[in-house]
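Down below is the structure, laid out as structure tokens.
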Amino acid sequence: MTLIKDFISVFSKPKVETSSVPIVRTTLNYEQTREIGVLFSHSNDDNPKAINYFVKLLQKDHKQVRALAYFEEKHSNPYDFRFDFFTAKEIDSKGKIQSLQVEEFIKREFDYLYCVNTTDFAAFDYIMQRSHAKFRIGKYYPHNLKSFEMMVNIGDNTNAVDLILQMLHYTKTLIIQN
């Protein structure tokens, strides 16, 4: 594991997760990525604007974006893009998510999967640990080293905009020698 100022990288070679289907973890330079996943929670007032901005930036870079959102309960759509979602009703007492949309999202082999969540959330840990994404990026939490290949340390900051900007900065400047 390498700690460089504001981000933590837990990759040095491709990882293979142990599950029923082996998952190879690797990465590409940002310019080489095609399909990007975005996992987010509708939790605060600045979140819709920040997420809309983030998805527009990715689409402007010609990335195919697939998003999955968590809502406490069903309500109107504050976002300018298509996304799947799940609600609190779909999380069982053991923390497992019973949702076809979540299972499909987990099985997608995204080049990058960004987790835009500024608070620790067990349901997102569940998704990130099982994800078939090649390279998973999110906020630094010391206990979540198995959930991400790159973690951004924004401290106690709970601003989604800062997290998004830092994740984009580090993934766009990451240079992988293949």
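Overview of values
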item: Residues within region 110-146 that are within 16 Å of residue 51 (Cβ to Cβ) and part of a loop (DSSP other than H, G, I, E, B), tallied; result: 4
item: Selection from region 47-68 of residues that are in a strand (DSSP E or B) and either crowded, with 21+ Cβ neighbours inside 10 Å or without any contact (Cβ under 8 Å) to a residue 24 or more places away in the chain (or both); result: 67, 68
item: Every residue from region 37-46 that is part of a loop (DSSP other than H, G, I, E, B) and among the aliphatic types (A, V, I, L, M); result: none
item: Residue list for region 69-85, restricted to those being more than 15 Å from the chain's Cα centre (by Cα) and not in a loop (DSSP other than H, G, I, E, B); result: 71
item: Answer residue from region 160-177, given it is part of a helix (DSSP H, G or I) and of a type in the set (S, T, N, Q) and is modelled with the lowest pLDDT among those; result: 173
item: Residue within region 83-92 that is in contact with a Lys or Arg (Cβ under 6 Å, 6 or more places away or on another chain) and buried (at least 16 other Cβ atoms within 10 Å of the Cβ) present; result: no
item: Among (1) at pLDDT below 90; (2) surrounded by 11 or more Cβ atoms within 10 Å (Cβ to Cβ), the one test that residue 98 misses; result: (1)
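The values are calculated or read from the model by the stated rules, or taken from the named source; none is laboratory data. The shown structure was predicted, so the numbers you read here are calculated from the model rather than taken from an experiment. Counting neighbours? That spans all protein chains shown, and the Cβs are built from the backbone with ideal geometry, glycine included.
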